[in-house]
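Below: the structure, in structure tokens.
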Amino acid sequence: MNAPVYLDNNATTRVDPAVLAEMLPFFTELFGNPSSMHHYAAGVAEAVQLARRQVQSLLGAKHDSEIIFTSCGTEANNTALYSALAANPGRREIITSVVEHPAILAVCEHLEKNEGVTVHRIPVDAKGRLEIGAYQAALSDKVAIVSFMSANNETGTLFPVEELAVMAKEVGALFHTDAVQAVGKLPMNLADSAIDMLSLSGHKLHAPKGVGALYLKRGTRFRPLLRGGHQERGRRAGTENVTGIVGLGKAAELAQAAMEHENTVVRTLRDRLQTGILQSISHCFVTGDIEHRLPNTVNIAFEYIEGEAILLLLSRAGIAASSGSACTSGSLEPSHVMRAMNIPYTAAHGSTRFSLSRDTTDADVDRVLAVMPEIIARLRQLSPYWGKDGPKATPDFAPAYA
Amino acid sequence: MWDYSDKVKDYFFNPVNAGVLEEANAVGDVGSISCGDALRLMLKVDPETDVILDARFQTFGCGSAIASSSALTEMIKGMTLDQALKVTNQDIAAYLDGLPPEKMHCSVMGAEALHAAIANYRGEEWKDDHEEGELVCKCFGVDAALIERTVRDNGLVTVEQVANYTKAGGGCCSCHEKIEDILIAVNGELAATAKPAIVQQPKPRTLVQIAPLKPEPAPAPAKPAMTMVRKIQLIEKVLEDIRPSLKMDGGNAELIDVDGDTVYLHLTGACMGCSSSGLTIAGIQERLMLAFGKPMRVVPSKPTAEV
Ligand SMILES: Cc1ncc(COP(=O)(O)O)c(C=O)c1O
């Protein structure tokens with residue numbers, strides 16, 4: 001078989017060898033606890049500090065102390081929501097969107113059910129764009145925090161978080177953004193932004209899994225999620241994941257250096273993949289907001305077939321991608337993002353996401369373009385919704401219970 | 001990725017009996033696009049003998065749905081209709097060397113299509129389980145009769161299992177109480193005796209050599225090593241900058257020696273010897289790191305004269 005083609009970088013990325021090299025000494029000779037007073041700590045605490053500056057620089061934050069290292073993006077998201085509620089007891093409402101990652105949605109659902117918090121979930125239109133009017137209407141002085149993702153993990157659709165943050169400020173609410181998919185792919189300048197909090201995750205930018213960070217603008221009222229030692233200035237207790245943090249720092253530095261590559265070369269590759277598929281396969285369309293999208297992501301809905309079957313055939317051809325179909329998630333319904341955009345079920349089940357990275361080559365794109373038409377045609381031949389060479393004009397297939 | 005048996009993979013990658021059966025005289029359509037599964041089963045039945053001469057399928061669904069459909073057509077070819085009616089979803093799953101629990105509903109769909117096709121052939125109204133009993137799961141349109149039969153045939157004991165087999169309860173969860181009632185009714189007092197899971201030993205892995213990420217990082221311009229004089233100048237400059245604040249606390253810092261990245265300082269004044277001198281050291285270290293752009297270490301030291 002040919003070399004594997006990895007186009008599932010929104011799920012996770014390959015650790016950059018340069019990142020690994022930076023981490024290794026902290027598994028071996030530099031194993032000290034950064035809080036210790038003896039010389040084993042020297043070099044370790046500094047390395048954590050250096051990583052903090054590297055992340056600060058990638059985010060364009062004003063102070064390095066605004067970076068709190070966490071165990072993952074999910075922890076950063078949880079911290080942001082819980083902190084906002086705890087630090088603003090007079091405000092018991094949250095505004096978020098229907099297309100957030102479960103790391104926000106499940107937390108909101110829990111807060112709603114168990115803490116009596118009111119949650120406003122702002123809908124999106126058919127292209128995945130936020131309904132600004134509904135957001136405006138939900139804003140009030142009861143809102144503790146507004147949390148909108150910077151970029152959607154399934155479609156890559158970008159929300160205008162800078163403007164959304166300004167709107168939140170007008171009612172005195174905190175603004176958080178889950179930027180797990182955006183950090184490292186889009187330039188940021190948080191020093192000149194109304195965003196109070198931002199979550200990021202190492203494994204989406206070629207750092208290892210199990211490390212993330214929460215950006216917390218200086219002066220923002222805060223309550224820690226984890227209490228214990230004084231680490232991270234008492235804002236996130238627990239002995240630092242030094243190796244992970246060092247890796248995240250290095251990955252941030254590399255991402256900053258590769259920012260232009262991501263937005264030129266990677267974008268061009270993505271566009272070529274998208275155009276190639278649309279030209280060679282009928283009855284498929286790109287989902288999300290095509291003009292406002294991450295440079296590395298394309299999500300295509302193939303009608304009348306099911307996504308897991310597509311992935312299995314792609315996988316046999318050595319290509320890794322992902323799907324919004326029900327069957328791939330273990331849940332029984334298609335992706336909440338596809339449903340929020342009102343994508344018909346016949347297409348939502350067949351939605352397939354290709355997510356590239358600076359690791360992606362022209363040859364990778366060629367490989368997908370070479371096998372995709374045959375895979376889709378093959379599955380459509382099996383589909384009861386598909387006729388000889390197109391969807392059945394008069395659908396004679398109406399299963400017993402629909 | 002699902003842990004599919006080789007048989008499932010084989011039937012998915014190389015499905016047999018796929019496509020339209022033009023001379024079919026029995027057709028069963030089941031499933032629902034909103035659930036992500038739908039199946040048309042087509043049979044050619046010998047009117048004299050009731051033997052299934054040929055069977056074909058068309059399926060919208062995942063790997064295991066396609067494999068289950070294909071396997072079913074293989075299983076029933078040559079059977080009489082009465083024999084075929086005895087085929088359960090368990091039989092389909094067993095034929096495929098098992099299905100992941102979350103995918104058992106694919107085999108249920110196969111068994112239903114078979115019943116529907118035979119009813120269609122016999123000119124009967126297919127007594128769709130879904131119209132027989134009370135609608136339990138509104139999300140996926142599953143009724144009590146189907147849940148009961150599936151619980152009985154498969155010895156299910158939990159709501160989760162019911163969801164895996166029938167999809168009922170996999171949506172909004174509001175019917176979980178009703179499903180629990182069915183489970184209690186069908187299972188009587190029989191407590192579940194769960195089989196211990198077989199834990200497979202993972203194969204040991206060897207590390208592979210990793211290639212650099214593309215694009216290859218441009219080699220960093222080789223920095224000329226700093227001369228000792230340059231180093232000392234830079235350290236002195238950092239110390240100068242912080243001296244005013246040290247002096248405010250009645251303290252001072254004096255450079256004693258430099259060894260690689262380790263800087264030996266003599267600290268005096270109010271904070272010397274107390275725990276906060278650690279903070280001063282950390283503070284100076286930070287400043288040095290900033291100035292040098294790399295990790296630096298500060299070690300408190302005695303004044304030269306005393307060494
Ligand atoms: C948008 C978004 N938020 C949060 C997460 C969770 O991040 P982590 O895996 O680090 O917890 C992910 C990734 O899975 C994501 O895509």
Pull out all pairs, ordered by first then second residue, where Cβ-Cβ is under 8 Å, the residues are six or more apart or on different chains, the first lies in segment B:89-107 and is surrounded by 24 or more Cβ atoms within 10 Å (Cβ to Cβ), and the second is among the β-branched types (Val, Ile, Thr). B:Asn89/B:Val108; B:Asn89/B:Thr150; B:Leu96/B:Val8; B:Leu99/B:Val8; B:His105/B:Thr166; B:Ser107/B:Ile92
Taking the condition in contact with a strand residue (DSSP E or B) (Cβ under 9 Å, 6 or more places away or on another chain) and more than 23 Å from A:Asp396 (Cα to Cα), does B:Lys103 pass? no
Which members of segment B:150-160 meet the condition of being of a type in the set (Asp, Glu) and within 17 Å of B:Gln90 (Cβ to Cβ)? B:Asp153
Sort through B:Glu112, B:Glu131, B:Glu148, B:Glu125 and tell me the only one that's out of contact with any Ser or Thr (no Cβ under 7 Å at 6 or more places or on another chain), in a loop (DSSP other than H, G, I, E, B) and either of a type outside the set (Lys, Arg) or modelled with pLDDT under 90 (or both). B:Glu125
Qualifying residue in segment A:16-34 (condition: in contact with a Leu (Cβ under 7 Å, 6 or more places away or on another chain), of a type outside the set (Lys, Arg) and away from chain B (no Cβ under 12 Å)): no
Considering only segment A:348-402, state which residues are surrounded by 21 or more Cβ atoms within 10 Å (Cβ to Cβ), assigned by TED's automatic domain parsing to the domain that holds A:Ile319 and more than 23 Å from the chain's Cα centre (by Cα). A:Met372, A:Ile375, A:Ile376, A:Leu379, A:Arg380, A:Leu382, A:Ser383, A:Pro384, A:Trp386
Enumeration of residues in segment B:28-61 that are more than 17 Å from B:Ala71 (Cα to Cα) and out of contact with any Phe, Trp or Tyr (no Cβ under 8 Å at 6 or more places or on another chain): B:Asp46, B:Pro47, B:Glu48, B:Thr49, B:Asp50, B:Val51
Pull up segment A:144-164, narrow it to residues that are small (Gly, Ala, Ser) and within 15 Å of A:Leu81 (Cα to Cα), then point me to the one that is farthest from the ligand (Cβ to nearest atom). A:Ala144
When residues of segment A:351-402 are filtered for being under 30 Å from A:His203 (Cβ atoms) and within 9 Å of another protein chain (Cβ to nearest Cβ), how many remain? 5
Residue that is touching an Asp or Glu at 6+ places or on another chain (Cβ under 6 Å) and touching a residue at least 60 places away in the same chain (Cβ under 8 Å), where the choices are A:Leu174, A:Leu214, A:Leu186: A:Leu174
Report, by residue number, each residue of segment B:161-191 that is in contact (Cβ under 8 Å) with a residue 24 or more places away in the chain, in a helix (DSSP H, G or I) and closer than 21 Å to B:Gln90 by Cα. B:Gln161, B:Asn164, B:Tyr165, B:Thr166, B:Ile179, B:Ile182, B:Leu183, B:Val186, B:Asn187
Index of the failed condition, A:Leu198 passing every other in (1) among the hydrophobic types (A, V, I, L, M, F, W, C); (2) under 15 Å from A:Leu81 (Cβ atoms); (3) more than 14 Å from the chain's Cα centre (by Cα): (3)
Please find, within segment A:52-96, the residue that is surrounded by the fewest Cβ atoms within 10 Å (Cβ to Cβ) out of those that are without any contact (Cβ under 8 Å) to a residue 60 or more places away in the chain and of a type in the set (Asp, Glu). A:Asp64
Members of segment B:45-93 that are within 14 Å of chain A (Cβ to nearest Cβ) and of a type in the set (S, T, N, Q): B:Gln58, B:Thr59, B:Ser64, B:Ser68, B:Ser69, B:Ser70, B:Thr73
Is it the case that some residue within segment A:241-252 is within 12 Å of the ligand (Cβ to nearest atom) and away from every other protein chain (no Cβ under 14 Å)? yes
Within segment A:197-226, can you find the residues that are away from the ligand (no atom under 16 Å from the Cβ) and basic (Lys, Arg)? A:Lys217, A:Arg218, A:Arg221, A:Arg223
Within segment A:102-147, can you find the residues that are among the small types (Gly, Ala, Ser) and loosely packed, with under 14 Cβ neighbours inside 10 Å? A:Gly116, A:Ala126, A:Gly133, A:Ala137, A:Ser140
Would you mind stating whether A:Tyr304 is in contact with a Lys or Arg (Cβ under 9 Å, 6 or more places away or on another chain) and free of Cβ contacts under 8 Å to residues at least 24 places away in the same chain? no
Across (1) of a type in the set (S, T, N, Q); (2) over 20 Å from the mean Cα position of the chain (by Cα); (3) within 15 Å of the ligand (Cβ to nearest atom), A:Thr268 clears everything bar (3)
Given segment A:35-143, what strands (runs of 3 or more DSSP E) lie entirely inside it while holding 1 or more residues that are more than 16 Å from the ligand (Cβ to nearest atom)? A:93-97, A:118-122
If I go through segment A:210-255 residue by residue, how many of them are in a loop (DSSP other than H, G, I, E, B), basic (Lys, Arg) and surrounded by fewer than 23 Cβ atoms within 10 Å (Cβ to Cβ)? 6
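The values are calculated or read from the model by the stated rules, or taken from the named source; none is laboratory data. This is a predicted model, so every value here is computed, not measured. Because the Cβ atoms are built from the backbone with ideal geometry, glycine has one as well, and the counts that use them run over all protein chains shown.
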